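Take a look at the structure below.
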Amino acid sequence: MSNFFWSDVPSHSAFPLASAGYPFIFASVFATAVFALLGLITLSLIGLAATFFICYFFRDPDRVIPNYTGCVVSPADGKVISAGLVDNSKFFEGSCIKVSIFMSIFNVHVNRIPYEGQIKKIHYYPGKFFSANLDKASNHNEHNAIYIETKGGKNICTVQIAGLIARRIICKLQRGDIVTRGQRFGLICFGSRLDVYLPPEINLKIAVGDKVKSGTSVLGDLI
């Protein structure tokens, strides 16, 4: 068995972009072109810089996924801001391990499935927009909770959380979908956070302060 696999078909582009970014990119290109035609050099340069940044933000690199039994991968790029045991979470019945990953505007924002299984439920909550690195963001910010049941009957919940700047959560999943570890499933625009709720018996392999990448970084092993 190979140590890695492709969860999605690799892109044929040298710089793949998430399709959700196209409207932002086209709008920025159009505005820049108008400024240039009007001879507004300063605004044209600002528009050009904005276009490059938007393309950079919506980059969607291909990732090879670790391939061994029990491997739970990170659903997001970013920095681990909390990792530990919690009780009585509204996203997980009983005790669980909660891992929170903060994504700055400079991180890749495409989200990936942490573990293979079936989507049992998706719950969207139209909440507040506190800074995503605050503890209260988990419960009070706008969020989208995705509940996965593994083939072994274990439960995992991944929660997309909007931040202070983020105003759009994208999720392409539907209840009943069969998903693969590392598979792309959505993104959050312009700075945000993902929380992952895992069974308490998981063997964690990350700690607070670690930098992780979606699909490739291993959060832990299910026992």
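Coordinate-derived values only; no laboratory data. Note that this is a predicted model, so its numbers are computed, not measured. All Cβ positions, glycine included, derive from the backbone under ideal geometry; neighbour counts span all protein chains shown.
Filter the strands (runs of 3 or more DSSP E) completely within region 67-173 down to those with at least 1 residues that are farther than 20 Å from Gly186 by Cα, touching a strand residue (DSSP E or B) at 6+ places or on another chain (Cβ under 6 Å) and of a type in the set (Ser, Thr, Tyr). Quick ask: steps written out before the conclusion?
Working: elements: 71-73, 78-86, 96-103, 110-112, 117-125, 143-149, 155-162, 169-171.
Result: 78-86.
Residues in region 47-56: is at least one crowded, with 18+ Cβ neighbours inside 10 Å, polar (S, T, N, Q) and either touching a Leu at 6+ places or on another chain (Cβ under 8 Å) or more than 30 Å from Val9 (Cα to Cα) (or both)? Show your work before the answer.
Step one: of region 47-56, the residues crowded, with 18+ Cβ neighbours inside 10 Å are 47, 51, 54.
So of that shortlist, the ones also polar (S, T, N, Q) come out as 51.
This time we only want the ones that are either touching a Leu at 6+ places or on another chain (Cβ under 8 Å) or more than 30 Å from Val9 (Cα to Cα) (or both), so: none.
Within region 47-56, not a single residue is crowded, with 18+ Cβ neighbours inside 10 Å, polar (S, T, N, Q) and either touching a Leu at 6+ places or on another chain (Cβ under 8 Å) or more than 30 Å from Val9 (Cα to Cα) (or both).
Within region 175-223, track down each residue that is acidic (Asp, Glu) and either surrounded by fewer than 17 Cβ atoms within 10 Å (Cβ to Cβ) or assigned to a loop (DSSP other than H, G, I, E, B) (or both). Please lay out each step first, then the result.
Quick first cut of region 175-223, residues acidic (Asp, Glu) only: 177, 195, 201, 210, 221.
The answer is Asp177, Glu201, Asp210, Asp221.
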